[in-house]
1. Compute the long axis of helix E:101-115 from its Cα atoms, compare it with the longest principal axis of the Cα atoms of chain E, and write down the angle in degrees, 0 to 90, nearest 10.
2. Under the convention of a label 7 Å out along Cα→Cβ, give the distances in nm from C:ASP85 to the same position in every other copy, shortest first.
3. Ignore the peptide's own chain and count Cβ atoms of other chains within 10 Å of each Cβ in E:60-67; give me the average, rounded.
4. Which shape class, rounded, prolate or oblate, goes with segment B:41-81 when its Cα gyration tensor gives a ≥ b ≥ c as root eigenvalues, a/c under 1.5 marks rounded, and past that a/b bigger than b/c marks prolate?
5. If I fit a long axis through the Cα atoms of helix D:26-42 and take the longest principal axis of the Cα atoms of chain D, what angle between them do I get, 0 to 90°, rounded to 10?
6. Return the calculated 222 nm mean residue ellipticity for chain C, to the nearest 500 deg cm²/dmol, obtained by summing -39500 (n - 2.57) across DSSP H runs with n ≥ 4 and dividing by the residue count.
7. Measuring from a point 7 Å out along Cα→Cβ, what nm distances, shortest first, does A:ALA28 have to its partners in the other copies?
8. Give me P(r) over segment B:15-59, computed from all C-alpha to C-alpha distances, binned every 5 Å, as integer percentages.
Protein chains: 6
Amino acid sequence: MDERDGDVNEEHFAAGIALMRAALGDAAADAALARHAAALADGTADRVDFAVESAWGFMLHRPQLNLRDRALILLVNDIVQLRRDALRDHVRLALYAGLTRAEIDETLFQLAPYCGFPTTREAGTIVRELYAEIDA
Amino acid sequence: MDERDGDVNEEHFAAGIALMRAALGDAAADAALARHAAALADGTADRVDFAVESAWGFMLHRPQLNLRDRALILLVNDIVQLRRDALRDHVRLALYAGLTRAEIDETLFQLAPYCGFPTTREAGTIVRELYAEIDA
Amino acid sequence: MDERDGDVNEEHFAAGIALMRAALGDAAADAALARHAAALADGTADRVDFAVESAWGFMLHRPQLNLRDRALILLVNDIVQLRRDALRDHVRLALYAGLTRAEIDETLFQLAPYCGFPTTREAGTIVRELYAEIDA
Amino acid sequence: MDERDGDVNEEHFAAGIALMRAALGDAAADAALARHAAALADGTADRVDFAVESAWGFMLHRPQLNLRDRALILLVNDIVQLRRDALRDHVRLALYAGLTRAEIDETLFQLAPYCGFPTTREAGTIVRELYAEIDA
Amino acid sequence: MDERDGDVNEEHFAAGIALMRAALGDAAADAALARHAAALADGTADRVDFAVESAWGFMLHRPQLNLRDRALILLVNDIVQLRRDALRDHVRLALYAGLTRAEIDETLFQLAPYCGFPTTREAGTIVRELYAEIDA
Amino acid sequence: MDERDGDVNEEHFAAGIALMRAALGDAAADAALARHAAALADGTADRVDFAVESAWGFMLHRPQLNLRDRALILLVNDIVQLRRDALRDHVRLALYAGLTRAEIDETLFQLAPYCGFPTTREAGTIVRELYAEIDA
């Protein structure tokens, strides 16, 4: 038996969906809800909803750091690892949390000698593509 | 001939030493000055002083982000890469720039699911060892 | 207010301590309990106990993979990342879950051309040091 | 003179091609044979055939671990490093060796907190794309 | 006020553009000049031109290593990190500096067991795609 | 049955021991021979001797690149990955193959902005410690 079956924390899940909707837009939040419905139907909700619940619903709401700090932390993490999908989401989160584009660009510039130009160069391309999508 | 010989930017170098002294303490700043004197003597000042000048003297003083943000960026970079010596310096810089120990601990906690428990666990040990040294 | 204060899942926490005790020994389990007591006293239990609860108490008990498979997964993760403390714990977990030393040695050998000799060489040293401690 | 010219181990090479054919399909095996013929013609067979011979022909047949364990090891390696082409091949190998899709999905889920959500998220996308190709 | 505004080293910048033009072609050099003009117009020249100036204009001209050695160093760095855009530029630089395609291919082959087949395999694909573009 | 039992290529193994002796010294070569004898006794020679045979005995002797180039390639690989034991061996190999200490120091300096100061800083400490051992 699954030890955690049916054990999604509904309060965290709702908070996660709400923050996704505010930061990433309706499409992202609705996609997460659709995955949730499908997962409930096939019995994998404990796994499928984990990121929404634990990352967007729990971690980002803890009071020890404000949302702008938390978004900056994730932004740097994703740049250093060069992880495209997370970086795109977390740039949107950063903009929502109050970081300006100039601050994000400067973050990339500052990081270059610490994680390497080859990494920040590709991260910069991802970020500029996202800006273009937002402005389209 | 070295294309950059004699080309250390003295203003940035002095600013770097000053910030190192304030954030890392006299021992670290004096060690950097001693390396500087030795490097001038053997003709490698352009290489040896580069980090003091460009990182501590130039980058950390740019106005696009405040020092607390910049310290947080470096802190996350070092945790994700698990680089001990840089992490120790940048935790000291973070404390100098206004981050509290509780905020640094929370940064480690938030990062765990994004860069992995095995990494944040060892980073946490390094940070706690540094706290113990500071408190000794 | 902390959204998760007091919210440790006691069932998962107890399962985590039990598995730590079986795989890592009494010292490791008792240290985790001591950290737990201290964390309850200073209000950081939600953060401090997270790994015990979520990793040792929840994830490793899910029925979709048996414990030997899960230990092998963690072993490979730690070797590829070369994370010493996690590797030491997860070698102990692997031995507890039924992997033999010959299988662990072969895992290192197989991984060499996939993650690089320099990494498996240092991981091998860590593993042999642990074997020596166990045999002492 | 090349110290290893003409030195491909034919028994291992044949075993490698056979396992590639069984796990990856005729197209992959025939492509490897075509590279082999071209390499023999231009004198680079010792280099070009090395992966077929040493990885598919030698390592995966060693008796110290069964093929399911070996496939799981490679799967985890590729997820942690997020290497797309190897991951695709090794998911196919894993399915051939008896891992189910549910077990592969659970491997991704288990790894998330150990190597980071941003990595397992992109790996999951690669895996689901491959499933869709297999089902098409 | 930006501490470095107007502080681009024109000699290094010109040397960087010249080397980019020789190694990467007119399109790359002209694109860098266009970014330079735009950056001067919006006040971000100190940041935007940093890579041209410091990497292509300063570092690659230092006399302590010849250009072929420096290109080989960058080539290996980019392969190990698997950074596509830098790798493409630095393969072009390597060819300009006198490394042959056979030497670049052998570099990939040698690195495989040291940084892992999954990485050199994808790097090899990037390199072969670039060769095809050059030959087209 | 082990498919490769008794299958060590004696010519490559002897060449590997000879190069280890020349570059790393008698202690390293004799230790490798002692591991060889023990491995023959317990039936693991095919695994234990693989690095001596394939890395030191085969790869480093291929004629497509000279030994100085190959040592530089390994040096950069180890710095970027920050793998201490391999770095120490390969700095010794680099010195044996004709790289000077000034060239090795410059390699570290050039790499800093490409793989990050935190990494080259710790690599530099390892290299300087090795120099001190050699000079002692």
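1. Roughly 80 degrees between the two axes.
2. Ordered by distance, the counterparts are at 2.2, 2.2, 3.0, 3.6, 3.8 nm.
3. Details: counts 1, 3, 9, 5, 11, 9, 1, 0.
Counting Cβ atoms of other protein chains within 10 Å of each residue's Cβ and averaging gives 5.
4. Here segment B:41-81 falls in the oblate category.
5. Value to nearest ten degrees: 40.
6. -23000 deg cm²/dmol, from helical runs alone.
7. Distances to the matching label points in the other copies: 3.4, 3.4, 3.5, 3.7, 5.0 nm.
8. Bins of 5 Å from zero give 6, 26, 31, 25, 11, 2 percent of pairs.
Every number here is computed from the coordinates shown, using simple stated rules; none is lab data. Quick caveat: nothing in here was measured; it's all calculated off a predicted structure. All Cβ positions, glycine included, derive from the backbone under ideal geometry; neighbour counts span all protein chains shown.
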